[in-house]
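For reference, the structure is listed below as structure tokens.
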Amino acid sequence: MTRKPLIVGNWKMNKDHLESLTYLQKLYWILQDKNFDFTKVDLCILPPFTSIRSIQLLADTDNIPILYGAQDVADSLDGPYTGDISASFLKKLGCAFTLVGHSERRRYHDETVKTIIGKLRMSLEQSITPILCVGSVNADDDSAIDQQIDYALMQVSKALSQLENYSLNNLVIAYEPVSAIGTGQTIELSDIDIMTTSIRNCVEYQGNKKSADSVRILYGGSVDATNAQLILQLDSIDGLLVGGASLDYNEFARIGLLAAKGVVYDN
Ligand code: 13P
């Protein structure tokens, strides 16, 4: 594998800054105890904004090589945007990633394609890697996989077509079918495979072969330590975006350890 696996824990609106500190410390202890090789897998947590400064201080003080990022970012750099958080602030807080266009943001905050493109641009300009989430936002979407692919590819192409001036080599795209989010039901492995392969082909078509080879494609939706290994075995997948199961540091550590198993990444 030439792409380093990436396991991301999206905590959503859970854990205050004190709980976040306990979590990070315990996660690190468990991983150290199990000789987790941080050079083989990127492990990242996405706490709420209010925890990021505490996480930064702890990670810096104790040299913890667990990455962290933000669950959202503003689509402008600064100005009169009450409540928004600039990518430049997140950069100073050491954020490696921003999550952009999560279905919960699109659904509950009416995020449009224009907003999402602004967020991708702001992140890229601050050298923060955006994780672009794609997939239907309709909770009872049981449309055939072909239609779902068309929808996700439309989201990818709309975004990429507006990012011509940016290098897409570090981009991360997460496919999250909304029917699988928080339901305990992942979708068929074959559907994950075909979707993620199609997304990579789309990146090649919209960008170039180099971007397509380097973009990391994740699956998210009811991932836990029992199903993670099967999903990670798919060649088309470079990692996972984990919601509920990432709230438990033991479970998240187990998923990280599974991702590290058998990995031959050595760049
Ligand atoms: P669950 O893992 O809880 O289904 O959430 C997935 C998700 O939305 C991660 O961003």
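The values are calculated or read from the model by the stated rules, or taken from the named source; none is laboratory data. Note that the coordinates shown come from a computational prediction; the quantities given were computed from them, not determined experimentally. Every residue, glycine among them, receives a Cβ derived from its backbone with ideal geometry; neighbour counts consider all protein chains shown. These area figures cover heavy atoms from the full protein model, side chains too; ligands, DNA and RNA do not enter into them. Shrake-Rupley method; radii C 1.70, N 1.55, O 1.52, S 1.80 Å.
Applying the selection to the range 17-38, what residues are open to solvent by 80 Å² or more (accessible area, probe 1.4 Å) and in contact (Cβ under 8 Å) with a residue 60 or more places away in the chain? Full working, then the answer.
As a first pass, look at the range 17-38 and keep what is open to solvent by 80 Å² or more (accessible area, probe 1.4 Å): 17-19, 29, 32-35.
The answer is LYS34, and nothing else.
In summary, helices (runs of 4 or more DSSP H) completely within the range 60-132 and bearing 3 or more residues that are open to solvent by less than 30 Å² (accessible area, probe 1.4 Å) and farther than 26 Å from ALA260 by Cα occur at 87-92, 113-125.
Would you confirm, using the coordinates I've provided, whether ALA144 is of a type in the set (A, V, I, L, M) and touching a residue at least 12 places away in the same chain (Cβ under 8 Å)? Criteria not met by ALA144.
I'd like the full set of residues that are open to solvent by less than 70 Å² (accessible area, probe 1.4 Å) and farther than 25 Å from TYR175 by Cβ, limited to the range 1-16. Of everything in the range 1-16, just one residue is open to solvent by less than 70 Å² (accessible area, probe 1.4 Å) and farther than 25 Å from TYR175 by Cβ, namely LYS15.
Can you pull out every residue in the range 154-203 that is in a helix (DSSP H, G or I) and farther than 20 Å from GLY239 by Cβ? First the steps, then the outcome.
Of the residues in the range 154-203, the ones in a helix (DSSP H, G or I) are 154-161, 178-180, 189-203.
MET154, SER157, LYS158, SER161, SER179, listed by residue number.
For every residue, the table says whether it meets (1) free of Cβ contacts under 8 Å to residues at least 24 places away in the same chain; (2) within 16 Å of the ligand (Cβ to nearest atom); (3) within 28 Å of LEU168 (Cβ to Cβ).
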position	(1), (2), (3)
ILE181	no, yes, yes
SER190	yes, no, yes
ASN208	yes, no, yes
ALA228	no, yes, yes
ILE231	no, yes, yes
ASP238	no, yes, yes
GLU251	no, yes, no
LYS261	no, no, no
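Does ALA259 qualify as being of a type in the set (A, V, I, L, M) and in contact with a Pro (Cβ under 6 Å, 6 or more places away or on another chain)? When the stated conditions are applied, ALA259 passes them.
Just to check your reading of the model, which residue among LEU67, LEU93, LEU77 is within 16 Å of the ligand (Cβ to nearest atom) and either touching a residue at least 40 places away in the same chain (Cβ under 8 Å) or within 26 Å of VAL134 (Cα to Cα) (or both)?
Working: LEU93 fails: within 16 Å of the ligand (Cβ to nearest atom); LEU77 fails: within 16 Å of the ligand (Cβ to nearest atom).
Going through LEU67, LEU93, LEU77 in turn, just one is within 16 Å of the ligand (Cβ to nearest atom) and either touching a residue at least 40 places away in the same chain (Cβ under 8 Å) or within 26 Å of VAL134 (Cα to Cα) (or both): LEU67.
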